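Visitor: Sharing a structure with you now.
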Amino acid sequence: MKLSRTGWNNVIIFSVMIFILVINVTNKKLYSSTDQQDNKQQTLFAKHAVILSLAVNQQVAIERIGRTWRATPAKISGQALEQMMLTWHEITGDIVTVPPELDHQMALVVTVELAGEAQAQLLNFFITDNELLVFNPQQKRWLAFPLAIFSQLIPNEILAS
């Protein structure tokens, strides 16, 4: 089959369009399966959320100072504080569909201010025998974490202050 230069250009254009269409269709299938996994596990905050400050029981305040963090009056600083805040960004927990009956007065209350949000996020931490439960009253969402994560989110230095 003999095609002119314009004919070959059309063949190339349509081939590229079909290739792009195939990529888009397979891409949607790949990401729809990861969305189902994300429904079972979720982070405390949105992926690109920036924490400006964090207060534990209105006693210890941790603030962002440029790219570093400052805790007052806690006895934590430097690398330990950086690691703690990195954990806050990256931790993922299982969504709890049926929350347990817990006394909300016994919760450890953490207030988190995020960039771009007018209202601070309140998080209630509950320690059970085998897991850490976090309740976000604004979103009415419960997340469950392994109990060992608690010491990474709120180190002993902060609680001792």
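Visitor: Calculate the translational D of the chain in whole µm² s⁻¹ from Stokes-Einstein, where the hydrodynamic radius comes from the Kirkwood formula applied to all Cα pairs, the temperature is 20 °C and the viscosity 1.002 mPa s.
Guide: Once the numbers are plugged in, D ends up at 113 µm²/s.
Visitor: Let me ask something else. Taking region 98-140, which GluC sites (Glu not before Pro) meet the DSSP loop condition and have no more than 16 other C-beta atoms within 10 Å?
Guide: Passing sites in region 98-140 are E101, E117.
Visitor: Would you work out the relative contact order for the chain, in percent, from Cα pairs under 8 angstrom that are 6 or more residues apart?
Guide: After rounding, I find 21 percent.
Visitor: Return one whole number: the accessible area per residue of the chain in Å², for a 1.4 Å probe.
Guide: 69 Å²
Visitor: Another question about this same structure. Under 10 Å, Cα contacts only: if you run a Gaussian network model on the chain, which one of Q41, Q58, Q121 comes out with the highest mean-square fluctuation?
Guide: Q58
Visitor: In whole percent, how big is the carbon plus sulfur part of the accessible area of the chain, probe 1.4 Å, protein atoms only?
Guide: 57 percent
Visitor: How large is the helix-only mean residue ellipticity at 222 nm for the chain, computed as the sum of -39500 (n - 2.57) over DSSP H runs with n ≥ 4, divided by its residue count, in deg cm²/dmol to the nearest 500?
Guide: Computed mean residue ellipticity for the chain: -11000 deg cm²/dmol.
Visitor: Angle, helix 5-38 long axis vs. longest principal axis of the chain, Cα atoms, 0 to 90°, nearest 10?
Guide: Between helix and principal axis, roughly 20 degrees.
Visitor: Ok, one more. For a quick protection proxy, order the peptides 148-155, 93-100 by their average other-Cβ count within 10 Å, most packed first.
Guide: The most tightly packed comes first, giving 148-155, 93-100.
Visitor: Using a/c under 1.5 as the rounded threshold, could you call region 82-161 rounded, prolate or oblate? The axes a ≥ b ≥ c are square roots of the C-alpha gyration tensor eigenvalues, and prolate needs a/b larger than b/c, oblate otherwise.
Guide: Rounded shape, in that the Cα axes give a/c under 1.5.
Visitor: Where nothing but the Cβ of Lys and Arg (+1) and of Asp and Glu (-1) is charged, how large is the charge dipole of the chain around its Cα centre, in debye to the nearest 20? Mind dumping the intermediate values first?
Guide: Values: 12 positive and 13 negative charges, 223 e Å.
Approximately 1080 debye in magnitude.
Visitor: What percent does the relative contact order of region 67-161 come to when contacts are Cα pairs within less than 8 Å and at least six residues apart?
Guide: Taking the mean separation of contacting Cα pairs over the length of region 67-161, I get 29 percent.
The values are calculated or read from the model by the stated rules, or taken from the named source; none is laboratory data. All values reported here derive from a predicted model rather than from experimental measurement. All Cβ positions, even for glycine, are placed from backbone atoms using ideal geometry, and neighbour counts span all protein chains on display. SASA here: full protein model, heavy atoms, side chains in, ligands and nucleic acids out. Shrake-Rupley method; radii C 1.70, N 1.55, O 1.52, S 1.80 Å.
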